Amino acid sequence: DVKVTQSSRYLVKRTGEKVFLECVQDMDHENMFWYRQDPGLGLRLIYFSYDVKMKEKGDIPEGYSVSREKKERFSLILESASTNQTSMYLCATGRGDGYTFGSGTRLTVV
Amino acid sequence: GESVGLHLPTLSVQEGDNSIINCAYSNSASDYFIWYKQESGKGPQFIIDIRSNMDKRQGQRVTVLLNKTVKHLSLQIAATQPGDSAVYFCAEDQAGTALIFGKGTTLSVSS
């Protein structure tokens, strides 16, 4: 089975901090994705990547950046965390037959 | 922009009943649809999928129906069990882009 591992389940950060959310997958998939999940809004795509050093903006990229230096690792970066970035962040990998998600990182910005 | 949506944010059923969760999509170019189940504290998990050249697909206790004429997708769960309580998301693949998810329906099953 594809395993997608997100480094932290819970994070609490202060406003203005730089925050790194890490995601690692172990099945050699090219595609990786970052979504955020908020009540009543479902999953919204932040960024995705189809290959190493390649990135594409999703629907809500403002305030975020990403890094894909290695095929198995896709990092989401909050350059200067704000309270409206408090959310559940989900990493996924997959191809045309559906995605496999990590367990999520619940980030609270205070 | 176009998006995938669900008709009801919550659905409550009795154990043993059949559940139907609905989803409307707006992009007629979408050719692949997936239902995901998300239990508390976990990431979404694949349940069942269907491609646009089909109108029905069955799995174990679950059936997905696709009506391309009205751009409607539904998930039917037979003999719903307490373990089926979760948030259910539909997602569409617009070929070449990332999956677009609906807002989710919370299914509550009471004994």
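The values are calculated or read from the model by the stated rules, or taken from the named source; none is laboratory data. Just so you know, these numbers come straight off a predicted model, no measurement behind them. Please note: Cβ atoms are built from the backbone with ideal geometry, for glycine as well, and neighbour counts cover all protein chains shown. Remember, those area values only see protein heavy atoms, side chains included, never the ligands or the DNA or RNA. Shrake-Rupley method; radii C 1.70, N 1.55, O 1.52, S 1.80 Å.
State to the nearest 20 debye the size of the charge dipole of the range B:1-99 about its Cα centre, where the only charges are +1 on K and R beta carbons and -1 on D and E beta carbons. Provide the component values of the computation, followed by the final result.
On the way: 8 positive and 10 negative charges, 30 e Å.
It comes to approximately 140 debye.
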(request) Sort the range A:28-106 into rounded, prolate or oblate with this rule: let a ≥ b ≥ c be the square roots of the eigenvalues of the Cα gyration tensor; rounded if a/c is under 1.5, and if a/c is not under 1.5, prolate when a/b is larger than b/c, oblate otherwise. (result) oblate
(request) Would you calculate the separation in nanometres between label points at B:N18 and A:S65, each defined as 7 Å from the Cα along the Cα-to-beta-carbon direction? (result) 5.4 nm
(request) Positive end of the charge dipole of chain A (Lys, Arg +1 and Asp, Glu -1 on Cβ, about the Cα centre): tell me which of A:I46, A:S80, A:Y64 has its Cα farthest that way. (result) A:S80
(request) Give a residue-ordered list of calculated ³J(HN,Hα) values for the range B:98-111 (Karplus: 6.51 cos²θ - 1.76 cosθ + 1.60, θ = phi - 60°; whole Hz; x for Gly, Pro). (result) 6, 4, 10, 9, x, 7, x, 10, 8, 9, 10, 10, 9, 7
(request) Could you count how many Lys pairs in chain B have their Cα atoms under 19 Å apart, skipping same-chain pairs fewer than 8 positions apart? (result) 6
(request) Pop out the ³J(HN,Hα) list for the range B:67-80 in order, Karplus 6.51 cos²θ - 1.76 cosθ + 1.60 with θ = phi - 60°, rounded to Hz; leave Gly and Pro as x. (result) 10, 6, 4, 10, 6, 10, 10, 9, 10, 10, 10, 8, 6, 4
(request) Could you work out how far apart the two model spin labels at B:R61 and A:S8 are, taking each label as a point 7 Å from the Cα in the direction of the beta carbon, and quote it in nm? (result) 3.7 nm
(request) Could you tell me the distance between the Cα centroids of the range A:47-103 and the range B:77-111, to the nearest Å? (result) 22 Å
(request) For the protein assembly as shown, build the charge dipole from Cβ charges (+1 Lys, Arg; -1 Asp, Glu) around the Cα centre, then report which of B:N53, B:N67, B:T106 sits farthest towards its positive end. (result) B:T106
(message) I need the phi-derived Karplus couplings for the range A:86-91: 6.51 cos²θ - 1.76 cosθ + 1.60, θ = phi - 60°, integer Hz, Gly and Pro marked x.
(response) 5, 5, 9, 10, 10, 9
(message) Could you sort the peptides B:11-17, B:40-46 by per-residue average Cβ neighbour count (10 Å cutoff), highest mean leading?
(response) B:40-46, B:11-17
(request) Enter the mean number of other protein chain beta carbons within 10 Å of the beta carbon of each residue in B:40-51, as an integer. (result) 4
(message) Which trypsin sites (Lys or Arg not before Pro) in the range A:1-72 sit in a loop by DSSP (not H, G, I, E or B) and have at most 12 other Cβ atoms within 10 Å of their own Cβ?
(response) A:K3, A:R9, A:R14, A:K18, A:K53
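Suppose every Lys and Arg Cβ carries +1 and every Asp and Glu Cβ carries -1, with no other charges. What dipole size does chain A come out with about its Cα centre, to the nearest 20 debye?
Details: 16 positive and 15 negative charges, 66 e Å.
Computed about the Cα centre, the dipole is about 320 debye.
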(message) Taking amide H atoms as placed 1.01 Å from N in the peptide plane, list the residues 5 or more away in sequence, or in a different chain, whose amide H sits under 5 Å from that of A:G58.
(response) A:Y47, A:F48
(message) With an 8 Å Cα cut-off and a minimum separation of 6 or more residues, compute the relative contact order for the range A:4-109 in percent.
(response) 37 percent
(request) For chain B, calculate the relative contact order in percent as a whole number, restricting contacts to Cα pairs under 8 Å that are 6 or more residues apart. (result) 38 percent
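For the protein assembly as shown, what is the per residue volume of the convex hull drawn over the alpha-carbon atoms, in cubic angstrom?
It comes to 119 Å³ per residue, whole-number rounded.
Students sometimes get this wrong: rank A:D97, B:D31 by accessible area, probe 1.4 Å, all chains present, largest first. Mind showing how you got there, number by number?
Numbers: A:D97 90, B:D31 60 Å².
I get A:D97, B:D31, largest accessible area first.
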(request) Hey, can you grab everything whose amide H is under 5 Å from the amide H of B:S108? Only 5+ residues off in sequence or another chain; H modelled, so Pro and N-termini drop out. (result) B:L11, B:S12, B:V13
